[in-house]
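Accompanying notes for the structure given below.
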Amino acid sequence: MTHENAPLPVESAAPLVSVENLSVTFRSPDKTVTVVNDVSFTLREGEALCLLGESGSGKTVTMRSLMRLLPPTAHYTGRIRLRGIDVLALKAGQLSGIRGSLVSMIFQEPMTALDPVFTIGQQIAETVRRHDGVSHAAARTRALDLLELVQIPSARRRLDAYPFELSGGLRQRAMIALALSCRPRILLADEPTTALDATVQIQVLLLLRSLQRELGMSTIFVTHDLGVACEVADRVAIMYAGRFVEHGAVDDVLTHAAHPYTEGLLHSTVHAERQGGRLEPIAGSPPDLAALPPGCSFEPRCVFARAACRAGMPPLSERGAGQLARCIRGSSIHEASAPVYDAEASL
Amino acid sequence: MIFYVIRRILYVIPIAIGVTIVCFMLIHLAPGDPPDAVLPDNAPPEMVEEVRAAYGFDKPLPVQYAYWLSRVVTGDFGRSIMTQRSVASEVFPAVLNSLTIAAAAIVLALFVGVLFGALSGYRSGTLTDRAITFVATTGISVPHYWLAMVLIIVFAVNMRILPATGMGPGGSSGFAFNLENLRYMVLPAIALAVGPAAIIARSVRGTVSEIRKQDFIQTLYAKGLGPTRVFLHVAKNAAPTLLAIIGLQTAHLLGGSILVETVFSWPGAGFLLHSAIFSRDLPILQGAVLVLAMFFVATNLVVDVLQTFFDPRLRRG
Ligand SMILES: Nc1ncnc2c1ncn2[C@@H]1O[C@H](COP(=O)(O)OP(=O)(O)O)[C@@H](O)[C@H]1O
Ligand SMILES: [Mg+2]
């Protein structure tokens, strides 16, 4: 694969994905908005991270940053390393060399994410040819194998089908096949099942989970569904107004949330642990990113808010083995040795 | 696909019949009794009757239509009132001449329009885009006969580098593929191409920038394709729209270039129509309109079929 020829050295000890202090700012003549703010995390080989948060909290932008897939108005600061490769420093040609091969993405809307005037087979084979440089026939054979891998019935016939000829579920399976076509080590899935019918959602999720385990890919998942998060992820990160407000192992975060926003999110969504409980939406509405409060972004909606919350943005502080939360309540940040979030330590 | 093509061809039959009916009725809708055109004002009634019978005007309309149609399908469109030559021998060479200049104009318009339209669509919002949009908007608004006269004044009268009128040296009225004849095509082709080029540029710009905003473009970049390969996808998605515009513009050029052909004395269908209208030569008018209308129908058919070649979704309809 082409990315193996990338000039940057590959340190095997380094985590597969390492994001340090990533911020993304959209600049236009009339306004400048920072939509992802100081996000740091790492991901090891085979690990699955789930991003949770209300819409507009910056999940999609965070994901797309990993492949620099944002419009030219986006400005990145911080550092993104995928298998040791400094993504933000890559030239256009090198970048397209890792897109689709080292890291690939499954989009939310299978209806619009596939080119309507090319067949499924053509779209997959094109990717295979781009990265593996094989013949047309070999690429087509690989496309067929991939359709079978994602369990599309009568795969041979579907190879020559256009996206509009497939149902939503099959289309998303085709999208998954496309994403897997060059054996990526990192898979990004942005709400991969949100656009599908409920019954189809489960099938596609189960497929994704088994593929992720079978192929040993590191995965970052965006979802609204806490149940999905529990099923698929090893770790979760809760985003609010462009920041990670809580981050840790799934079991820790979902059973004893340390941040009031996480708590609110747990109460406002249906999921296995709390079935039968009352749903309580979080009061207030998501903040305007262009006019954030001076302190904690969640403070205006927080039931525990006090004066100290308005003093400044609380740092991510440790709450237990690898669990971090950005809240002064119950944190040890007032004590002498305030643990500051460290990307390596969170592992 | 093949079924779609067959079905689409079958659709043409009723349209073609409709066209023939309209063309047939043309003579009867025109003011005055048809024979008036050929008769002196003070013709005796016997002579009027004689002419009516000779042209078949004394029979009921459906009979006249059936009779007319049976001749038309064998290529017999009657005789010109002015020249007494067969309508076919007047109309076909003229339509061919129009096709020649229209083809040259369309190729030119396509080249310029697609190039600048795509550039503008890729650079949408920039200075380049705005400059192209400004020029294109001007191009659409400029009357082509005025442009034709300006071109003649500048390049033929003042600079004397290109011939002003006609189709070839010595008033030749048929096309020959040589440098000397090509020189006669330059000015009329440019005059005819400006409008379509501007329209093509505008719609290619719109289509391209619209397609580039679609989600699947992200997917293409996400799978590691470079800009050239992505352009291929943009182009295939834009092709049906472009084809529709080419079809419309070709049809428009064939019939709508009366003024430009007159200015350049280009012996085409427009030129022929122009003189037929002024001399009330109804058989010529009828024949020319019928042939041109059939060209429109055929162009539409070709465009529709080609469109489905690029966009499979259109095959369903
Ligand atoms: N191309 C863009 N230009 C400007 N703002 C953007 C752009 N893309 C996203 N945003 C803004 O970034 C914020 C986060 O968006 P997003 O990451 O899509 O949220 P999520 O995926 O969590 O729902 C939103 O406020 C959105 O309006
Ligand atoms: Mg999103």
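The values are calculated or read from the model by the stated rules, or taken from the named source; none is laboratory data. Being a predicted model, the structure only gives us computed values, none of them experimental. FYI the Cβ positions are ideal-geometry reconstructions off the backbone, even for glycines, and counts take in every protein chain you see. Surface areas here come from the heavy atoms of the whole protein model, side chains and all, with no ligands, DNA or RNA. Shrake-Rupley method; radii C 1.70, N 1.55, O 1.52, S 1.80 Å.
The length gained by stretching the chain between B:Thr126 and B:Ala235 to full extension, at 0.36 nm per residue less their Cα-Cα distance, is 37.1 nm. Projecting the Cα atoms of A:Pro192, A:Phe164, A:Ile152 onto the dipole axis of region A:126-205, where Lys and Arg carry +1 and Asp and Glu carry -1 at the beta carbon, places A:Ile152 farthest toward the positive end.
Three principal axis extents describe the C-alpha atoms of chain A; from largest down they are 67, 50, 43 Å. For chain B, set up a GNM with springs between Cα atoms under 10 Å and report which of B:Gly226, B:Gly168, B:Gly270 has the largest fluctuation. Comparing B:Gly226, B:Gly168, B:Gly270 in a Gaussian network model of chain B, the most mobile one is B:Gly226. Find me the longest stretch of chain B that has none of the exposed trypsin sites (Lys or Arg not before Pro), where exposed means in a DSSP loop (not H, G, I, E or B) with at most 12 other Cβ atoms within 10 Å. Answer - B:214-317. Look at the alpha carbon pairs under 8 Å that are at least 6 residues apart: their mean separation over the length of region B:92-316 gives a relative contact order of 29 percent. Less than 5 angstrom separates the built amide H of A:Val36 from those of A:Val24, all sequence-distant by 5 or more or on a different chain. Taking amide H positions as modeled 1.01 Å from N, with prolines and chain starts lacking one, the residues under 5 Å from A:Gly46 and 5 or more places away or on another chain are A:Ser218. Take each residue in A:114-122, count the other chain C-beta atoms within 10 Å of its C-beta, and the mean is 5.
Among A:Ala233, A:Ala195, A:Ala174, the residue with the largest mean-square fluctuation in a Gaussian network model of chain A, with springs joining Cα atoms closer than 10 Å, is A:Ala195. Taking GluC sites (Glu not before Pro) in DSSP loop conformation with at most 11 other Cβ atoms inside 10 Å as exposed sites, chain A has its longest uninterrupted site-free stretch at A:12-334.
If you run the Gaussian network model on chain B, springs between alpha carbon atoms under 10 Å, then out of B:Ser80, B:Ser141, B:Ser257 the most flexible one is B:Ser141.
Of the residues A:Gly97, A:Val36, A:His256, the one whose Cα sits farthest toward the positive end of the charge dipole of chain A, with +1 on the Cβ of Lys and Arg and -1 on the Cβ of Asp and Glu, is A:Gly97.
What FRET efficiency, computed as 1/(1 + (r/R0)^6) with R0 = 41 Å and r the Cβ-Cβ distance, is obtained for A:Lys91 and A:Ser135, rounded to the nearest 0.05? So, using R0 = 41 Å, E works out to roughly 0.90. Globularity index of the protein assembly as shown is 1.35 (Cα radius of gyration / 2.2 N^0.38 Å, N = number of residues).
Is there a simple number for the mean count of other chain Cβ atoms within 10 Å of the Cβ of residues in A:103-111, and what is it? Show your work: numbers first, answer last.
Numbers: counts 2, 4, 5, 2, 5, 1, 2, 2, 2.
Average per residue, whole number: 3.
Distances between placed amide hydrogens fall under 5 Å for A:Ser317 paired with A:Ala325, A:Arg326, A:Cys327, all partners being 5 or more residues away or on another chain. Mind jotting down the distance between the C-alpha centroids of region B:270-317 and region B:11-31, whole Å? Cα centres, region B:11-31 to region B:270-317: 13 Å.
Residue by residue, region A:119-126 carries 3J(HN,Hα) couplings of 6, 4, x, 4, 5, 6, 4, 4 Hz when phi is fed to the Karplus relation 6.51 cos²θ - 1.76 cosθ + 1.60 (θ = phi - 60°); x denotes Gly or Pro.
Derived scalar couplings between HN and Hα for region A:189-195 equal 10, 9, 6, x, 10, 4, 7 Hz in order, rounded to whole Hz, by the Karplus curve 6.51 cos²θ - 1.76 cosθ + 1.60 (θ = phi - 60°), x for Gly and Pro.
Rounded to the nearest 10 square angstrom, A:Leu215 shows an accessible area of 70 square angstrom against a 1.4 Å probe.
Which FRET efficiency value, to the nearest 0.05, is calculated for B:Ala164 and B:Thr138 with the Förster distance at 35 angstrom and r the Cβ-Cβ distance?
Numbers: r = 24 Å, r/R0 = 0.70.
Here the calculated transfer efficiency is 0.90.
Per-residue ellipticity at 222 nm computed for the protein assembly as shown from its helices equals -16000 deg cm²/dmol, with DSSP H segments shorter than 4 residues left out and the rest contributing -39,500 (n - 2.57).
Over region B:92-316, the reciprocal of the mean inverse Cα-Cα separation, the Kirkwood hydrodynamic radius, stands at 19.1 Å.
Taken one residue at a time, the phi angles of region B:184-189 give Karplus couplings (6.51, -1.76, 1.60, θ = phi - 60°) of 6, 7, 4, 5, x, 5 Hz. Gly and Pro are set to x. Taking A:Lys59, A:Lys31, A:Lys91 and ordering them by how much accessible surface each has at a 1.4 Å probe, largest first, produces A:Lys91, A:Lys31, A:Lys59. Projecting the Cα atoms of B:Met185, B:Met25, B:Gly195 onto the dipole axis of the protein assembly as shown, where Lys and Arg carry +1 and Asp and Glu carry -1 at the beta carbon, places B:Met185 farthest toward the positive end.
For the residue pairs A:Lys31/A:Lys91; B:Lys213/B:Lys236; A:Lys59/B:Lys236, the alpha carbons lie more than 24 Å apart in A:Lys31/A:Lys91; A:Lys59/B:Lys236.
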